[in-house]
Each structure stands twice: as C-alpha cells, then as structure tokens.
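Asker: Please find one structure pasted underneath; my questions will follow.
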C-alpha cells in the first residue's frame with residue numbers, strides 16, 4: 001500500500017532517541033527547550049512552546065488569549081475537528097467561515113462579509129483560526145487587517161504548514177497573528193510521533209502557555225505569589241493540564257528539523273511531476289497562490305464529476321483496492337453529528353461542501369519514489385477513463 005503520507009525516519013533520528021533513552025532525562029530535560037528554540041528560530045518567532053499534540057497547542061492558545069464562556073471562535077469548516085473543538089473546550093461558541101473555492105482555505109472575503117453582519121448582531125468573534133490547508137497559507141495580510149478593524153485575535157492553525165512560507169517569510173513567524181500552531185503527527189512534514197508546538201512573539205503569552213502545559217505549576221520566582229521556601233518549592237498559580245512533550249519526542253523533532261528543507265524540496269518535486277502527469281485528466285489539481293510557498297502536506301485533487309462515469313466513491317475504492325492509500329480531507333466539520341446536534345446544517349457553507357463532494361488526497365511525501373508516483377497516476381488514468 002502506498003500511503004497518502006508517511007514519516008521518514010533516518011538512522012540519525014533513531015540514534016537521537018537511543019541517546020535520550022541512555023540519558024538521565026526521559027521527560028523535562030534539555031531536549032524540549034532545544035526543540036522549541038529550533039522551531040522558533042526556523043520560523044523567525046521569539047518563543048516556542050512544545051506540547052503533546054497540536055490539539056493541546058490550540059487549546060492553550062485559546063486559553064491564553066482569554067477565550068471563555070459566551071465568546072465566539074470562528075474557523076474553517078474544511079479542517080479536522082480539532083480546529084473548532086478547541087473553542088468548545090473553553091466554553092465558547094463556535095462558528096465557521098466558508099472557504100475560497102481555489103485555495104480551499106478560509107476565505108478572507110467571506111470572513112469580511114460575516115464580520116460586517118456579526119458587528120450588527122453584536123456577535124463578533126474573540127478569536128479567528130485560519131487553517132493553512134494542505135500547507136498553503138491563508139490570506140494573512142487581509143485577515144490581519146480585518147482583525148485590527150474588528151478587534152479579534154488570530155491563531156494560525158499551521159498543522160499542515162511546517163516549512164511553508166507566506167510572502168517569502170516562514171509560516172510561524174507570527175507577523176500577522178498572535179500565535180501559530182504546528183502539528184508533528186507522523187503524516188505531517190516532520191514528526192515527533194505525536195506532538196505539537198505554538199510559536200509567538202509575545203513573552204507573556206509564551207509564559208502562560210508554558211504554565212497551562214504543565215498543570216499551572218511553576219518554580220520561577222517571578223511567577224510565584226510569595227518567596228520560595230527552598231529548593232524543593234513550587235507553586236500552582238493556574239489550573240493547567242499535563243500537555244508536556246517527552247524528551248524522546250523532542251529529540252526526534254530536533255533531528256528531523258535538520259532535514260526539513262530537504263523534505264520540502266522533495267515534496268515540491270512530487271508536486272511538479274504530478275501537475276505535469278495529471279494535467280490532461282478530468283481532475284482539478286491543487287492551485288498554488290503566488291503569495292504562498294506551500295509545505296505540501298497534501299495533494300488534494302478534485303474529480304470533475306460531470307466528465308467521468310464513476311462516482312467519487314467508486315474512484316476512491318478502486319484506488320484503495322489497487323493499494324493506493326488515498327484519503328479525503330476533510331469532511332466539513334459542521335456536518336459532523338456532534339455539530340449538527342448544536343444546530344449546524346448542511347448547506348450553510350456551500351464551497352466547503354462542494355469541495356468535499358469531489359475531493360481525494362493522493363499520496364505525497366518525501367519518500368514517494370518516481371515508480372510509486374507512476375503507479376498512482378496509472379491507476380488514476382484507468383479509473384478516470
């Protein structure tokens with residue numbers, strides 16, 4: 001089976017993990033701060049906060065930005081459920097902004113329309129989470145401008161976008177946001193097995209995220225309410241969580257970062273070759289915005305259903321039956337049963353729903369060989385003929 005995405009583990013990666021296993025620290029040691037500095041440095045951000053998943057990072061990002069009961073969080077319906085669930089964890093209301101039909105990202109134009117109406121209704125969002133779908137940045141300049149006009153905070157969900165760029169600068173530098181979140185799940189650009197990280201340029205936000213990550217407990221005298229009673233002393237100054245990343249995960253991440261640029265370059269070679277091989281088939285290949293340099297986490301194609309005899313489901317199943325591990329990203333969040341029970345209805349976000357009805361993610365990862373790619377294309381040609 002050729003998967004739609006997979007990790008690339010080298011001997012150097014393995015050696016870094018073994019080294020930690022033989023060290024004094026399996027958790028709360030030097031590797032996590034090293035990984036945080038590596039990501040922040042690469043992105044051009046001041047601070048990084050490593051956690052056990054991107055979901056956890058989204059949660060604590062919402063908390064430090066003050067999201068709470070009665071507030072509104074808006075995000076894209078074309079994402080994994082974590083992008084909106086983080087708002088529900090905080091007791092907030094969640095709503096969605098339809099996507100741009102070309103980039104499949106949250107539409108800045110639709111966002112502006114929704115903000116105009118929300119201002120009239122006194123229901124403006126406290127936080128907007130643009131999701132950089134497939135690794136391509138949203139229109140962050142426009143979204144940032146709207147945030148200044150309408151007074152909301154921005155968390156970039158860059159779970160797909162480690163190594164990508166926007167306006168020639170690395171995604172994650174937070175030039176147009178308060179916080180950016182990355183994922184290091186095995187199918188992402190680099191992996192820590194499971195893991196996430198939040199970048200920010202705000203020292204206070206960084207300190208508070210570190211607190212939320214570790215039970216709300218600190219040994220920092222500057223954060224304590226009274227003088228330390230001794231070397232053993234700590235204080236719980238907030239109600240936090242156990243969202244820590246282990247030393248093993250962080251060591252793998254540090255090692256993987258050494259090959260990040262190589263991984264991105266290999267993915268772009270795959271994309272260029274796919275674009276050429278698929279150009280005459282009844283499909284729509286991913287649009288690449290000139291302002292963005294995608295990390296290419298995914299290569300989602302849209303089936304031109306009016307030009308083929310098979311349904312999307314039949315095409316999907318034929319690919320799977322031929323050992324091509326395709327997937328669909330994503331089922332629109334608002335159509336999930338949990339969200340339907342909250343009052344969301346199909347038909348509310350037509351662009352996201354239209355995209356979903358014809359989308360298939362075909363394999364793209366740094367280890368995808370020419371032979372594998374040819375196999376994917378050959379099966380596609382047969383099933384689309």
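The values are calculated or read from the model by the stated rules, or taken from the named source; none is laboratory data. Everything quoted here is computed from the prediction, not taken from an experiment. So basically every Cβ, Gly included, is an ideal-geometry build from the backbone, and we count neighbours across all protein chains shown.
Asker: Could you check residue 51 against (1) over 30 Å from residue 186 (Cβ atoms); (2) in contact with a helix residue (DSSP H, G or I) (Cβ under 7 Å, 6 or more places away or on another chain) and say which number it fails?
Answerer: (1)
Asker: Looking at region 225-239 only, could you name the residues that are surrounded by 12 or more Cβ atoms within 10 Å (Cβ to Cβ), outside any strand (DSSP E or B) and in contact with a strand residue (DSSP E or B) (Cβ under 7 Å, 6 or more places away or on another chain)?
Answerer: 234, 237
Asker: Name the residues in region 64-75 that are over 13 Å from residue 154 (Cα atoms) and in contact (Cβ under 8 Å) with a residue 24 or more places away in the chain, would you?
Answerer: Matches in region 64-75: 68, 71.
Conditions (1) surrounded by 14 or more Cβ atoms within 10 Å (Cβ to Cβ); (2) in contact with a helix residue (DSSP H, G or I) (Cβ under 8 Å, 6 or more places away or on another chain); (3) over 21 Å from residue 46 (Cα atoms), marked per residue:
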{"site": "205", "(1), (2), (3)": "yes, yes, no"}
{"site": "214", "(1), (2), (3)": "yes, no, no"}
{"site": "219", "(1), (2), (3)": "no, no, yes"}
{"site": "223", "(1), (2), (3)": "yes, yes, no"}
{"site": "241", "(1), (2), (3)": "yes, yes, yes"}
{"site": "250", "(1), (2), (3)": "yes, yes, no"}
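Asker: Let me ask something else. Only one of these conditions is not met by residue 272: (1) under 19 Å from residue 373 (Cβ atoms); (2) touching a residue at least 60 places away in the same chain (Cβ under 8 Å); (3) in a helix (DSSP H, G or I). Which number is it?
Answerer: Every listed condition holds for residue 272 apart from (2).
Asker: Kindly establish whether residue 362 is modelled with pLDDT of 95 or more and farther than 30 Å from residue 172 by Cβ. Before the answer, list the steps.
Answerer: Numbers: modelled with pLDDT of 95 or more: yes; farther than 30 Å from residue 172 by Cβ: no.
When the stated conditions are applied, residue 362 does not pass them.
Asker: Something else about it: Taking region 201-223, which residues are in a loop (DSSP other than H, G, I, E, B) and either modelled with pLDDT of 95 or more or not assigned by TED's automatic domain parsing to the domain that holds residue 31 (or both)?
Answerer: Taking region 201-223 as the starting set, the residues that turn out to be in a loop (DSSP other than H, G, I, E, B) are 201-202, 215-216, 219-220.
Correct list: 201, 202, 215, 216.
Asker: Which condition does residue 188 not pass, out of (1) more than 17 Å from residue 41 (Cβ to Cβ); (2) buried (at least 22 other Cβ atoms within 10 Å of the Cβ); (3) in contact with a strand residue (DSSP E or B) (Cβ under 7 Å, 6 or more places away or on another chain), if it passes all the others?
Answerer: (3)
Asker: Applying the selection to region 119-138, what residues are within 12 Å of residue 95 (Cα to Cα) and not in a loop (DSSP other than H, G, I, E, B)?
Answerer: Here is the first cut: in region 119-138, the residues within 12 Å of residue 95 (Cα to Cα) are 123-129.
Across region 119-138, the qualifying residues are 127, 128, 129.
Asker: Please go through region 310-327 and pick out each residue that is over 11 Å from residue 363 (Cβ atoms), surrounded by fewer than 18 Cβ atoms within 10 Å (Cβ to Cβ) and in contact with a strand residue (DSSP E or B) (Cβ under 7 Å, 6 or more places away or on another chain).
Answerer: Restricting attention to region 310-327, the residues satisfying the condition of being over 11 Å from residue 363 (Cβ atoms) are 310-318, 320-322.
Pick out the ones that are also surrounded by fewer than 18 Cβ atoms within 10 Å (Cβ to Cβ) and you get 310-314, 317-318, 320-322.
Result: 312, single match.
Asker: Among the residues of region 95-102, is any in contact with a strand residue (DSSP E or B) (Cβ under 7 Å, 6 or more places away or on another chain), surrounded by fewer than 24 Cβ atoms within 10 Å (Cβ to Cβ) and closer than 30 Å to residue 359 by Cα?
Answerer: Our first condition is that a residue be in contact with a strand residue (DSSP E or B) (Cβ under 7 Å, 6 or more places away or on another chain); within region 95-102, this holds for 95-97, 99.
Keeping just the survivors that are surrounded by fewer than 24 Cβ atoms within 10 Å (Cβ to Cβ) gives 95.
Applying the additional criterion that residues be closer than 30 Å to residue 359 by Cα yields 95.
Yes: one or more hits.
Asker: Follow-up question, since we're still on this one. Considering only region 115-128, I want to know if a residue exists there that is touching a residue at least 24 places away in the same chain (Cβ under 8 Å), under 21 Å from residue 352 (Cα atoms) and within 17 Å of the chain's Cα centre (by Cα).
Answerer: Yes: one or more hits.
Asker: Checking the conditions here, which among 315, 364 is part of a loop (DSSP other than H, G, I, E, B), assigned by TED's automatic domain parsing to the domain that holds residue 280 and in contact with a helix residue (DSSP H, G or I) (Cβ under 8 Å, 6 or more places away or on another chain)? Even if it seems obvious, please write down each step before you answer.
Answerer: Numbers: 315 fails: part of a loop (DSSP other than H, G, I, E, B).
On inspection, the qualifying residue turns out to be 364.
Asker: Looking at region 327-353, which of its residues are in a loop (DSSP other than H, G, I, E, B) and either over 30 Å from residue 371 (Cα atoms) or over 19 Å from the mean Cα position of the chain (by Cα) (or both)? Reasoning before the result, please.
Answerer: Of the residues in region 327-353, the ones in a loop (DSSP other than H, G, I, E, B) are 328-332, 336, 341-349.
Matches in region 327-353: 331, 332, 336, 341, 342, 343, 344, 345, 346, 347, 348, 349.
Asker: Select, from 337, 286, the only residue that is buried (at least 16 other Cβ atoms within 10 Å of the Cβ) and either at pLDDT below 95 or closer than 27 Å to residue 84 by Cβ (or both). Steps first, please.
Answerer: Details: 337 fails: buried (at least 16 other Cβ atoms within 10 Å of the Cβ).
Answer to the check: 286.
Asker: Those residues that are out of contact with any strand residue (DSSP E or B) (no Cβ under 7 Å at 6 or more places or on another chain) and surrounded by 14 or more Cβ atoms within 10 Å (Cβ to Cβ), I need them from region 26-36; list them, please. Please lay out each step first, then the result.
Answerer: First pass over region 26-36, keeping only residues out of contact with any strand residue (DSSP E or B) (no Cβ under 7 Å at 6 or more places or on another chain): 26-31, 33-34.
Listed by number, the residues that qualify are 27, 29, 30, 31, 34.
Asker: Among the candidates 264, 301, single out the residue that is out of contact with any helix residue (DSSP H, G or I) (no Cβ under 6 Å at 6 or more places or on another chain), in contact (Cβ under 8 Å) with a residue 24 or more places away in the chain, outside any loop (DSSP other than H, G, I, E, B) and farther than 22 Å from residue 7 by Cβ. Spell out how you get there, then give the answer.
Answerer: Values: 264 fails: farther than 22 Å from residue 7 by Cβ.
After ruling out the rest, the residue left standing is 301.
Asker: Given region 1-111, what helices (runs of 4 or more DSSP H) lie entirely inside it while holding 2 or more residues that are under 17 Å from the mean Cα position of the chain (by Cα)?
Answerer: Numbers: elements: 11-21, 31-43, 54-64, 82-89.
Of the helices (runs of 4 or more DSSP H) lying wholly inside region 1-111, those with at least 2 residues that are under 17 Å from the mean Cα position of the chain (by Cα) span 31-43, 54-64, 82-89.
Asker: Shifting gears a bit: Just the residues that are farther than 19 Å from residue 9 by Cβ and part of a loop (DSSP other than H, G, I, E, B), please, taken from region 172-200.
Answerer: Listed by number, the residues that qualify are 172, 173, 174, 175, 176, 177, 178.
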